């Protein structure tokens with residue numbers, strides 16, 4: 001099958017649009033582990049009962065809410081409300097198990113202690 005030049009251009013343009021939509025959607029960044037954005041519908045105050053392998057503190061931005069992101073053993077991202085009542089104790093337990101929350105609210109990575117919550 002031979003595609004005309006116009007058809008080929010349309011396919012390329014469509015592919016580019018899909019790529020850009022996925023890139024700017026704000027759900028996760030190019031780094032599959034460190035998300036860049038948690039939207040309102042993604043944030044929960046329920047404690048995940050699965051093992052957490054990493055933790056990030058994300059700042060509020062123009063389109064995103066401030067949140068704590070837990071990454072579980074299956075690499076699922078969980079956006080947690082920073083005001084969740086159980087969060088401080090869970091972060092202490094994570095630290096005891098060697099999981100340190102990285103604070104991205106500052107210009108450089110800082111390890112978060114529980115006093116920052």
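Rounded to the nearest 0.05, the FRET efficiency derived from the C-beta distance between residue 61 and residue 86 at R0 = 22 Å is 0.30. Rounded to the nearest 0.05, the FRET efficiency derived from the C-beta distance between residue 41 and residue 5 at R0 = 41 Å is 0.45.
Among 56, 104, sorting on how many other beta-carbon atoms sit within 10 Å of each Cβ, with the fewest leading, yields 104, 56.
Every number in this text was worked out from the coordinates using simple rules, so none of it is lab data. Everything quoted here is computed from the prediction, not taken from an experiment. Quick reminder, even Gly has a Cβ in these numbers, built from the backbone with ideal geometry, and neighbours come from all protein chains shown.
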